[in-house]
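I have placed the structure first, in the form of structure tokens, so that the comments after it can refer back to it.
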Amino acid sequence: MPEEKNSTRKELLRLPVIVAALGYLVDMYDLFLFSVVRVPSLKSLGIPEEEMLGKGALLLNMQMAGLLIGGIIWGVLGDKRGRLSVLFGSILIYSLANIANGLVQSVPQYALMRFIAGIGLAGELGAGVTLVTEVLPKRIRGYGTTLVATLGVIGAILAYFMADLFQWRISYFIGGGLGLLLLVLRMRVFESGIYLRTKAMQVSRGNFLSLFTHKKKLLKYLQCIAIGLPIWFVVGILITFSPEFGRAMGLNMPIVAGKAVMLAFAGQVVGDIASGLFSQFFHSRKKIIALFIGMSAIMVGIYLLLPFKEANTFYIVCVLLGFANGYWALFVTVAAELFGTNLRATVATTVPNFVRGATIPLTILFLWLKQYWGILNSAGVVGLLTVVLAVIALWWMDETFEKDLDYLE
């Protein structure tokens, strides 16, 4: 038993795993830095308070549009050119875009830079998780992806503290600098053996359109996307626009968006660790994802319906919402495990970004319903929709815990 633990520890501390985890940390730092500095940055650009929600939604949607487009680009490149090409290219783009975000002087410039940053950010998670699942033995790959996701969520928490310590422009510069430093470490990472064997074969790799021309592949792909929707409903709407929800609830103090983001992701760190460990213990991805979707639905109901008035109670609920969101690592792992090596990076990269990009239609639906039903009721309807879709998708999904990944589509 001690020898097995030592072997597991050595496998998890391999350079590709550590670099993928650190890369996702920087990725999440940038991705959620905007949620933290949204209000102060827009105030600095001269946007009045009554326009904050609309301008903030515009910038968020531009970022998500970049993630959608970048997800397809990096996913295809990951299968055609290799996982490492994505890890290098994506971090270079979003690091430079991060620095540029700190130089913007208007909302249109800001929107363009969020779009470019979104393109760069789209490649990090999928390529990292794909690489980790391929270099680790199947008995411990759940631990590896949990490590990646956990460090990533810590990056979101780091964004809060950096924005609290420094002016918002400096916070963007710090993110860009961290990314450029990580490029140096990435020089020593090697490609996965599974991918190299596939590359030597005369098979189609990274054919994104093939996901839509084969019924079984399309259904699997849509299932992967659907199970992640509740996560980004919570992150993209309930947490990002927490100040507006706080005002609608009539809380005794204004809600600070950065604090809500930090606390939600602190909860998600614990949730990601817990879901990963539970998955390994029960030898199941599906059962644990179902458990966390159920907890997420309950916490959304509490957030929107419980008549509390204390801001501190609101922040506690944000922590619990984050914990219930802690199946992100399992969600991305399942996406990687459901498809063969010649499509794995394409799926693992596009799926999380399509889920992130789903924030666009969810936000549009939310804002449209808000005109008629108010902010709380409209959020409840959108949240219920995401949970129903996730449960239906999960019910018909295959279990992937014991699946051997050395195969082709």
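Determine whether residue 189 is under 28 Å from residue 15 (Cα atoms) and not in a helix (DSSP H, G or I). Yes; evaluated as a whole, the condition is true for this residue.
Answer yes or no as to whether residue 54 is closer than 11 Å to residue 111 by Cβ and of a type outside the set (S, T, N, Q). No: the conditions fail for residue 54. Does residue 278 fit the bill of being outside any helix (DSSP H, G or I), among the hydrophobic types (A, V, I, L, M, F, W, C) and over 17 Å from residue 237 (Cα atoms)? So residue 278 fails the test. Among the conditions (1) within 15 Å of residue 239 (Cβ to Cβ); (2) among the aromatic types (Phe, Trp, Tyr); (3) surrounded by fewer than 23 Cβ atoms within 10 Å (Cβ to Cβ), residue 303 misses just one, which is (3).
Counting only residues that are surrounded by fewer than 24 Cβ atoms within 10 Å (Cβ to Cβ) and in contact with a helix residue (DSSP H, G or I) (Cβ under 8 Å, 6 or more places away or on another chain), region 18-33 holds 4 of them.
Scanning region 222-231 for any residue that is at negative phi, open to solvent by less than 20 Å² (accessible area, probe 1.4 Å), modelled with pLDDT under 90 and out of contact with any strand residue (DSSP E or B) (no Cβ under 6 Å at 6 or more places or on another chain) turns up nothing.
When region 365-391 is filtered for residues that are exposed (fewer than 13 other Cβ atoms within 10 Å of the Cβ) and in contact (Cβ under 8 Å) with a residue 24 or more places away in the chain, only 374 remains. When you scan region 191-212, do you find a residue that is open to solvent by 10 Å² or more (accessible area, probe 1.4 Å), among the small types (Gly, Ala, Ser), at negative phi and free of Cβ contacts under 8 Å to residues at least 40 places away in the same chain, even just one? Yes - at least one qualifying residue is present in region 191-212. It is to be established whether one or more residues within region 238-251 are outside any loop (DSSP other than H, G, I, E, B) and of a type in the set (D, E, K, R). Looking for residues that are outside any loop (DSSP other than H, G, I, E, B) and of a type in the set (D, E, K, R), one finds at least one in region 238-251, hence yes. Listed by first and then second residue, the pairs with beta-carbon distance under 7 Å, at least 6 apart or on different chains, first residue in region 277-297 and closer than 15 Å to residue 334 by Cα and hydroxyl-bearing (Ser, Thr, Tyr), second part of a helix (DSSP H, G or I) and open to solvent by less than 30 Å² (accessible area, probe 1.4 Å), are 279/142; 279/288; 279/330. Only a single item in (1) out of contact with any Phe, Trp or Tyr (no Cβ under 8 Å at 6 or more places or on another chain); (2) open to solvent by less than 30 Å² (accessible area, probe 1.4 Å); (3) at negative phi is not met by residue 187, and it is number (2).
The values are calculated or read from the model by the stated rules, or taken from the named source; none is laboratory data. What you are looking at is a predicted structure, and each value in this text was computed from that prediction instead of being measured. Please note: Cβ atoms are built from the backbone with ideal geometry, for glycine as well, and neighbour counts cover all protein chains shown. Only protein heavy atoms, including side chains, enter the accessible area calculation; ligands, DNA and RNA are left aside. Shrake-Rupley method; radii C 1.70, N 1.55, O 1.52, S 1.80 Å.
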